[in-house]
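To start, the structure under review is shown below, and the notes come after it.
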Amino acid sequence: MFQSTVSRRQFLMSSLGLLALAGLPQLASAMQGMSKLSPNKASANFKPDVELELWCKYNSVAILKGQATQLMQYSALLLKGPENTITEIAGSYLGPIIRLYKGQKVRIHLHNALSEPTVTHWHGLHVRAEMDGHPQYAINSGEVLVYEFEVVNRASFNIYHPHPHNATASQVYHGLAGGIIINDDEEKALELPAGEYELPIVIQDRLFDKNNQLIYARNMHQRMTGFYGDRILVNGHADFSCEVASRAYRLRVLNGSNARIYKLAWDDGTPITVIGVDGGLLEQPETKPYVMLAPGERLDVWADFSGRAVGSELTLRSLAFSGVLPRMGMMMGGGSLPVGSDYPIFTAKVTRQVSDSPKLPTQLSKLPRHSLDDTANPSKPLPISISEAPMAMLLNGRAYEFNTPQASERVKLNSIQLIEIAHDHQSGGMGGMNHGGGMGMGRMSGMRGGMGGMGMMNMMMAHPIHLHGQAFSILSRSIAKEQEADYATVREGFINSGLKDTVLVMPNETVRIIKPFQDFKGLFMFHCHNLEHEDMGMMREYLVE
Ligand code: C2O
Ligand code: CU
Ligand code: CU
């Protein structure tokens, strides 16, 4: 069904051309000292319960009517372990869902059949630094990298995706991503909807040319705001709909977009019932009028179609909101599908009447949350400061550099840290915008006249900040006065009670989190999960020692 319409050689050439077009001046210094390691091999004394091959390769897949789209794709081959470990998503370019059980020992052989380096990260999993998919372990075309880890996470929905230096965004955009579902005993006892009643909902946006080929970021502006498509894909399908029975379903929702932020709501006003987030189940279900979902974030949704008539439909939409992009970006971010406009995501069509349905449990879990008293630094939070400048998005005042931890980026093993994520108004970045819109942004300056009383371009935007390693708890969020009007359009959509690995930080917002750094020493990245920002260097590392 998905046979290539072009020869592999033709495709290799065209895709290389595409990537070259998107190429940025490389941050040459960033990888200094990151010498090429010989790929890790299987170790004799590791006895896996699950073993699989994971391939990164080129393929072409029919997404829109007409010509198939050339892509990069993960595919998997199960060598050992339960049969349900790997589930393909029918007709999708997404990698198969990998299903693991807490306590399993897993060995994965990553094969790079691309013509460029890659490495895979298990977003959300708590594994040794050497197994985390750090860019320093990237393998060249034709090489194989072996990962070995034990699943210590609780039940949760996680992601596998590439993490090579400066190329994460383009590889994800071109198709490399998949879901990892972890199950455990605590979750099993709840008997939540499973099998055909548990649906992955992976939301992405893409931009196609008239030949159905992907268009990727062509200019600095698209890098600054993040890259947006004008077609919403769910599980790799355009105009996605699914047929459901009149009973409860469990939707495993993932925002797999490079940059687009969604405000998810049912179109008939039914509140969204959330049972889990990034790090697994909440203690109790929460109902929300809408839920904000930023790149890298996940949602576990209880969707109950009981009592709905055969033939009825329910659509998940992204509702209108404001304030996540710089003012100039509001004019262009998202092209013909602006970020913060109102549009459909997918439709569930009730096609079968059934008489019984599982009941929503009132108590889901007991969360291993930490409190301020558990932290090593209750009155001295480690800062993650966000600065935004025309050519650089920075964390803690710096672009990414391999293994150059600053004092606030060194953490004691087995400590629990209070971290404060905030926008840095002191940095040179904002100042740069006051002095004539230089640094390649000159052509934007003509717009200033149209900016009303702003006086300067406001570069502040929302950033989904992701921290590798263990999940964290959100302690507090606070918003500056001048941002309150915009914030009112998103405020009800944050779920602050669960365990998270990615948190959306709005402009002028300060978020305090509590994060454990247990079990493993080494370098653990933290970065913006707006993938264009990540590749621009909006990433740093914690050295756990
Ligand atoms: Cu989902 Cu460091 O990444
Ligand atoms: Cu991650
Ligand atoms: Cu960002």
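The values are calculated or read from the model by the stated rules, or taken from the named source; none is laboratory data. Model, not experiment: these values are computed from the prediction. Every residue, glycine as well, gets a Cβ built from its backbone with ideal geometry; the counts of neighbours run over all protein chains shown. Calculation scope for accessible area: heavy atoms of the full protein, side chains included, ligands and nucleic acids excluded. Shrake-Rupley method; radii C 1.70, N 1.55, O 1.52, S 1.80 Å.
The figures follow:
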| item | result |
| --- | --- |
| Cβ-defined net charge surrounding residue 347, 12 Å radius [Lys, Arg +1; Asp, Glu -1] | -3 |
| Protection-proxy order for peptides 226-238, 293-305, each taking the mean of Cβ atoms within 10 Å per residue, highest first | 293-305, 226-238 |
| Approximate spin-label separation residue 185-residue 144, in nm, with each point projected 7 Å along Cα-to-Cβ | 3.5 |
| Beta bridges per DSSP with both ends in the chain, % antiparallel, nearest 5 | 75 |
| Neighbour net charge for residue 407 - beta-carbon separation under 13 angstrom, K R +1, D E -1 | +3 |
| Contour minus Cα-Cα distance for residue 239 and residue 209 (0.36 nm per residue) | 9.1 nm |
| Peptides ranked, highest mean first, by Cβ atoms within 10 Å: ranges 53-65, 275-287 | 275-287, 53-65 |
| Residue 270-residue 494 FRET efficiency (beta carbon distance; Förster radius 22 Å; 0.05 resolution) | 0.70 |
| Average accessible area per residue (Å²) across the chain - probe 1.4 Å, nucleic acids and ligands excluded | 38 |
| Packing-based ranking, highest mean first, of 133-145, 108-120 given that Cβ atoms within 10 Å are counted | 108-120, 133-145 |
| Size-normalised alpha-carbon gyration radius of the chain, reference 2.2 N^0.38 Å | 0.93 |
| Förster radius 25 Å - calculated FRET efficiency between residue 194 and residue 309, Cβ distance, rounded to 0.05 | 0.50 |
| Euclidean distance between Cα centres, region 214-251 to region 258-299, Å | 16 |
| 222 nm mean residue ellipticity, helices alone, for the chain (DSSP H n ≥ 4; -39,500 (n - 2.57); rounded to 500) | -2500 deg cm²/dmol |
| Label-point gap, in nm, between residue 376 and residue 113 - each point 7 angstrom along Cα→Cβ | 4.5 |
| Residue 343 paired with residue 287, simple spin-label distance in nm, labels 7 Å along Cα-to-beta-carbon | 3.0 |
| Carbon plus sulfur fraction of accessible area for the chain, probe 1.4 Å, in percent | 53 |
| Region 38-104: equivalent-ellipsoid semi-axes (sqrt of 5 x gyration tensor eigenvalues, Cα, Å) | 29, 16, 7 |
| Rounded to 5, percent antiparallel among DSSP beta bridges of region 309-426 | 70 |
| Residue-count net charge about residue 74 - beta-carbon cut-off 14 Å; Lys, Arg +1, Asp, Glu -1 | -1 |
